[in-house]
Amino acid sequence: MNRLKTILIDDERLARAKLRSMLDGYAEIQIVGEADSVGLAVELIERERPDVVFLDIQMPGETGFDLLERVDSTFRTIFVTAFDEYAIRAFEVNALDYLLKPVSPARLARSIERLKVSRVENETAFKPLEYDDHLFLSFDNRSRFLKVSEIECILAAGAYSEVMTRGGQKAMVLKSLKEWEDRLPEKHFMRIHRSTIINIECVERMDKWFNYSYQVHLRGITEPFIMSRRYSARLRDRLR
């Protein structure tokens with residue numbers, strides 16, 4: 001893989017130096033520049049077109065959020081700040097991660113792992129998936145390749161989706177259910193509700209519920225999923 005072009009933006013020189021030193025240990029990271037203000041950062045980003053930006057929030061004059069409004073943010077953003085009160089807003093602007101100073105080596109390692117997962121996902125974002133294909137997902141802060149056929153169901157979780165495996169593991173992925181629906185093999189996966197996609201092979205039984213809807217029981221999962229009326233006829237046809 002090509003190295004990730006990286007920019008460090010922080011008004012504190014010592015903070016940038018410490019982060020640079022910590023990132024030197026990652027072969028996949030290539031630091032191509034630093035900036036100590038939003039104005040200089042805008043120029044640097046437009047010139048270098050980075051893959052990832054480590055961004056402080058509180059800087060003189062303007063904030064890290066101001067920067068994101070001024071640039072075409074096709075890069076992944078990792079906030080590095082001494083303040084925890086901006087975390088919610090950070091994820092509202094699709095930050096990949098939010099690190100609190102002083103950053104520990106273990107916490108930084110988790111961010112780099114997220115970067116690697118994000119990169120693999122981006123490179124295959126529009127490729128239709130086959131049942132025997134593999135996805136690179138993070139489970140409990142450890143990443144591994146997951147075979148598509150191991151997916152039991154996928155649940156909507158805001159801007160994210162929760163992938164549940166046949167083995168009972170769960171992974172959070174920054175991907176909408178519509179994106180999954182477009183990529184998963186139609187022969188094996190089906191949307192049964194606006195918030196649920198299931199692997200048809202995992203269906204144990206279907207029970208009639210009220211108003212022409214159904215409860216769908218999947219193997220290994222205690223609680224059934226509700227299948228709305230609009231999807232019930234389609235699934236019954238496919239299970240025959």
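Just so it is clear, none of the values below were taken in a lab; they were calculated from the coordinates. Note that the coordinates shown come from a computational prediction; the quantities given were computed from them, not determined experimentally. All Cβ positions, even for glycine, are placed from backbone atoms using ideal geometry, and neighbour counts span all protein chains on display.
Things worth noting here:
- Angle between the chain longest axis and helix 229-239 axis [Cα atoms, degrees, rounded to 10]: 70
- The stretch 174-240: chymotrypsin sites (Phe, Trp or Tyr not before Pro) in DSSP loop, at most 12 other beta carbons within 10 Å: F210, Y212
- Distance between the modelled labels on E113 and Y160, one decimal in nanometres: 1.4 nm (7 Å Cα→Cβ projection).
- Cα point-scatterer Debye curve for the chain, base-10 log of I(q)/I(0) at q = 0.07, 0.10, 0.11 Å⁻¹: -0.31, -0.58, -0.67
- Net charge of neighbours whose Cβ lies under 12 Å from the Cβ of C202, counting Lys and Arg as +1 and Asp and Glu as -1: -1
- Think of the chain as having a plus end and a minus end, set by charges on the Cβ of Lys, Arg, Asp and Glu; of A109, S21, L55, A109 sits farthest toward the positive end of this dipole.
- Three-way shape call for the stretch 167-240 based on the alpha-carbon gyration tensor, with the a/c threshold at 1.5: prolate
- DSSP bridge orientation in the chain - percent antiparallel, rounded to nearest 5: 65
- Rounded to 10°, Cα long-axis angle of helix 38-48 versus longest principal axis of the chain: 70
- Full-stretch length increase - E92, K178 - with 0.36 nm per residue and alpha-carbon distance subtracted: 29.0 nm
- The chain: angle of helix 13-23 to the longest principal axis, Cα-based, in degrees nearest 10: 50
- Once the Cβ-Cβ distance of F145 and R3 is raised to the sixth power relative to R0 = 22 Å, the FRET efficiency obtained is 0.50.
- Part-to-part distance (alpha-carbon centres) for the stretch 89-105 and the stretch 174-237, which is given in Å: 34
- Counting only Cβ charges, +1 for Lys and Arg and -1 for Asp and Glu, the dipole size of the stretch 134-239 around its Cα centre is about 200 debye.
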